[in-house]
Amino acid sequence: MAQSQTTQAAAPAVYIPPVQNVWGKRLKHLGRVARRNKLGAFGMVIVIFILGMAILSPWVARYDDNEPFQTANPRYNPTANPLDIAQDPGISTPFILDRFEAPSWDHWFGTDQFGRDIYARIVVGSQLAVIIGIGASIIAVASGTAVGLISGYLGGWFDTIIQRIVDAIQAFPGLVLLLLLASLLDEPNIPLTVGALGFLGFATSVRIVRASVLSVSQMTYVEAARAYGSTDWRIMARHVFPNITASVLVVFSISIGAYILAEASLSFLGLGPGDKTTWGKMVNSGRNALELHPWESLFAGTFITLAVLGFNLAGDALRDELDPRLRGR
Amino acid sequence: MTNYIMRRVLLNVIVLWIVATLVFLGTHALPSDYATRRAAAGFEQVDQTEAIRLAKKELGLDKPLWQQYTIFMGELVTGDLGKSYETRRSTWAELKERLPATLELGTMIAITSFLIAIPVGVISAVRQNTWIDYVLRGFAILAVATPVFFVAILMSLIVLKYDLFKIDIVGAPHMWSDPAAAMKLYIIPVLAGGISGAGGTMRLLRSQMLEVMRQDYIRTARAKGMKDRAVYIKHALKNAMLPVLTVMGLTISGIVGGQVILEAMFDIDGVGRFLLRRLTERDFPPFQGTVFLISMVVVTMNLLVDIAYAWLDPRIKYT
């Protein structure tokens, strides 16, 4: 306000519209949405927390995720002869791994069976969850939008074929399809896992985008564009696509949680990216000593749930804001 | 109606053909095929290429891809799901031993998930915006977000900690021989699968119930003096169940996926664990056959659901 008054005072002859604080306005709008949709705001907070953890992981992880912790063995006897060692094996090693430690100030979430810090592994694991969730979503949305746009706009035999392929993909139980795709290579890696999950999401994206395209194609402005001789490609790019961006954004945000969940399942089964630290793998390795040392499984599982919950809630909120018609799909 | 069913069946045949092709292409794109593995195992001194060639010939992998494809399709059409490279037994024989366990588990999971989802969805809608609604909705949102294996782990932890049910892990009795013991063994996987499977259904049923309860016929039913409970169950639930039925296909494929994980976790010798094992051993034919069979079951279920839908809702015209 103060700004606009000074400008007007400097040049009273012409009216210069007050400089608007665009970001302030957007923040205010965001605040209104957050108050209206408290669950969505909660989800967004979790998402920011998880994203922050993934981006800042080198600084907040405290330790290396593969570093085994050990303490000096007080009973170590370097001069012990084999006979003594045979009687008391505890004196042969200079260091003992800090296995299965309960949460403490040194190890916030405790240590696992190899003496590695669980907190560090959780933080590093968040990177993979985020990369896979968002990466798979990008692939699914990009391919699904392109195909759904063409299929919905052109119709005809191309549409029929695409719809049958989509039916076929959806007829596969998701995990079975993932098993098929994720083991395409001997050593599953990140790009392949992302691709497999994206392929799984492709069918759903095509469905939703196509439905939006069908309704937009009925609009008068599309008819007008066709009447003055626009080519199909131009209509799709300039008239249909800009009007389905809401659905595209919704499709992007709504399944990130599902991809994280699916990746966790794959990793849990030992079919995820091999050499990386992942939450699913941690839950599985924690099962070895579940009864006595449940920390690893508990923390990793909680973080999977938290991440999926956050992305789901935020995605739902975005859908309700942008395109409430998609509710329930 | 007959026309509609015929067309849907025909469409499903096409879908299944695409599924079969995808399965074939998927498994044959695998770089390390079984023959190489088999030749590599134990024959270090012998000429590898010769061993691979022999193994390939024996397994029919030396033929061109299109020929393997026609053989694969021909077998599928005649109902032959192929033979295991590993055990040399037909997939059917292998599956037959494992189907009972899987069907038992799957049926129990499906029933449990509906037993959880229906009351929760109805109560949550009827008591909209009360504390019980918030609690139940929170439960549903968490159920969707929690991986099935984590639910199972949490339950195992509770059961282990308090030694509930006195579960005896050794031995896997079947439902018909010793129902009580089988129930004890299955209780964690069934509850875990049921809760995971119920999440989506609960949320959909709640929103459908809310939608239906705004309709005129509900007001009419109330106006003629029907008891609340009767209105909810006779009028509201019946109509709210229709859309829930359509996503039942999705629920079923979710349960199938969860079952693969649960069978692997609890070492239940069922179809899911079989599938996983064949895959890790690159033993394609049983894997292909099983994936195809599962897809066929899911597709058929979807068809039945659609037909039931058309039959239950007279507003839908089948053309």
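The values are calculated or read from the model by the stated rules, or taken from the named source; none is laboratory data. Predicted model, so just to flag it, every value in this text is computed and none were measured. Note that each Cβ is placed from the backbone with ideal geometry, even for glycine, and that neighbours are counted across all protein chains shown.
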Among helices (runs of 4 or more DSSP H) entirely within the stretch A:225-281, at least 1 residues that are over 19 Å from the mean Cα position of the chain (by Cα), in the same structural domain as A:THR193 (by TED's automatic domain parsing) and closer than 30 Å to B:THR146 by Cβ occur in A:245-254
A:GLY310 passes all but one of the listed conditions (1) within 16 Å of A:ILE132 (Cβ to Cβ); (2) at the interface with chain B (Cβ under 8 Å from one of its Cβ atoms); the exception is number (2)
Residue hits (the stretch B:84-115; among the β-branched types (Val, Ile, Thr), in the same structural domain as B:THR280 (by TED's automatic domain parsing), surrounded by 13 or more Cβ atoms within 10 Å (Cβ to Cβ) and more than 12 Å from the chain's Cα centre (by Cα)) are B:THR112
Within the stretch A:284-302, restricting to residues that are touching a Ser or Thr at 6+ places or on another chain (Cβ under 7 Å) and touching a residue at least 24 places away in the same chain (Cβ under 8 Å), the one that is farthest from the other protein chains (Cβ to nearest Cβ) is A:GLU296
*Determine whether the stretch A:175-190 contains at least one residue that is modelled with pLDDT of 85 or more, at negative phi and either within 12 Å of chain B (Cβ to nearest Cβ) or assigned to a helix (DSSP H, G or I) (or both).*
no
Of the candidates A:GLU291, A:GLU296, A:GLU321, the one satisfying the condition of being surrounded by fewer than 24 Cβ atoms within 10 Å (Cβ to Cβ) and assigned to a helix (DSSP H, G or I) is A:GLU321
Counting only helices (runs of 4 or more DSSP H) wholly inside the stretch B:81-187, the ones holding at least 2 residues that are at pLDDT below 85 are B:91-126, B:148-162
When A:GLY148 is run through (1) closer than 25 Å to B:ASN12 by Cα; (2) out of contact with any Ser or Thr (no Cβ under 7 Å at 6 or more places or on another chain); (3) crowded, with 24+ Cβ neighbours inside 10 Å, the failure sits at (2)
Taking the stretch A:52-108 and the residues there that are in contact with a Leu (Cβ under 8 Å, 6 or more places away or on another chain) and assigned to a loop (DSSP other than H, G, I, E, B), the one that is farthest from A:SER285 (Cα to Cα) would be A:PHE69
Here, helices (runs of 4 or more DSSP H) confined to the stretch B:208-319 with at least 3 residues that are without any contact (Cβ under 8 Å) to a residue 60 or more places away in the chain and closer than 29 Å to B:ARG8 by Cβ are B:238-246, B:248-265, B:284-312
